């Protein structure tokens, strides 16, 4: 590998491997690529693996009155071939009151305004999602049709390997068509394959002269069918490029680079990572602790997570969480040297949650731009700017340099370090 491999070169290679959903062959190939790059740079590389089912949609057909309608099987949906009247349901109260035996449920409105958390997601699983799945399983319809709230979008509403009800997602236009003919018979056929698979985190370490270390993180998995250029080949590309820079010099702070394997599908990789330190994942809805032990997470000074940077029609963003006032000011100062970067309010929904929820200061890089390409086949390299990837890389490098002489107390907020 060239000593000057650019983030865009890494991104191009990752996108060429195809969609990388957890458990898929491409997911394994991507983990291999990341491990080979980091191992070739001299890092000590560890694979943290766990079993995860593979799944593939072979064919989906949805017809109403003989007319084919756009539909995509929801992730891990079992196969089915059913024809039955459908019942349209827009609220949890409607679902609770419905009689669905021998019928197909069409879910829309408040029931599908965001993707449903898998039942096994122990970090993010809103009570409303849990209640919806409980009602759906209790009512046991022949199948479910989830209406994506976005026009033209087939981004799947459900990706749940534990849900036994066959289901598909349809775009908003198809939902409108169905609601106009409530009670009509609809025919749904799904042909899918499921088998054993594996997922893993790729963790690479290089010691420094100090006991403290920095963690640099990005997830490499994608939604089903998504090439995942922005989300999140971009983050992995920056991770690999910064690893190459760090491999050339002596380090005061140790570094640990973590390519998480399933940010899109439940955070099991985060749980496995935390187990290494005798810790457990903290559910979003349980409230965060206030740990004061400097040894938590192996004397991790701070974590930097890169998720969805480099949008060609967008701007890179940065935010800080669980940081001291001085650390927050440092982040803002580094960002100010890049006029195209925007400092935004904290957002928790990515792998940096694993760190700041345990009291470790975290910096998150992302972007604001074209939103409706995420988790879809449209998330291609065409939407990524090499210049803006380089900008994100420079921001990470400058943060790393600025933190070399900082200690745990300086980085942590008073509430975390007192």
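Observations
- With R₀ fixed at 60 Å, the C-beta to C-beta distance from residue 82 to residue 394 puts the FRET efficiency at about 0.65.
- Axis of helix 325-336 versus longest Cα principal axis of the chain: the two differ by about 80°, to the nearest ten degrees.
- Peptides 266-275, 33-42 ranked from most to least packed by the mean count of surrounding Cβ atoms within 10 Å: 266-275, 33-42.
- Relative contact order (%) - criterion: Cα under 8 Å, at least six apart; region: the chain: 21
- Length added when fully stretched, residue 333-residue 151, from 0.36 nm per residue minus Cα-Cα: 61.5 nm
- Applying 1/(1 + (r/R0)^6) with R0 = 35 Å to the Cβ-Cβ distance of residue 164 and residue 349 gives a FRET efficiency near 0.80.
- Crossing angle, helix 25-40 versus the chain [Cα axis fit, 0-90 degrees, rounded to tens]: 0
- Pairs of Cα atoms nearer than 8 Å and 6+ residues apart set the relative contact order; for the stretch 229-379 it is 32 percent.
- In terms of the mean number of neighbouring beta-carbon atoms within 10 Å, the peptides 161-168, 330-337, 221-228 order highest first as 221-228, 161-168, 330-337.
- Of the residues 354, 319, 30, the one with the fewest other Cβ atoms within 10 Å heads the list, and the complete ranking is 319, 30, 354.
- Each part reduced to its alpha carbon centroid, the stretch 346-418 and the stretch 15-46 end up 21 Å apart.
- Helical content of the chain, expressed as a calculated mean residue ellipticity at 222 nm, amounts to -8000 deg cm²/dmol (DSSP H runs of 4 or more residues, -39,500 (n - 2.57) each, divided by residue number, nearest 500).
- Per-residue packing, averaged as other Cβ atoms within 10 Å, sorts the ranges 242-249, 301-308, 191-198 into the order 301-308, 242-249, 191-198, beginning with the highest.
Bear in mind that the values in this text are calculations on the coordinates, not laboratory data. Not measured: the values here are computed from a predicted model. Reconstructed Cβ throughout: ideal geometry from the backbone, glycine too, with neighbour counts over all protein chains shown.
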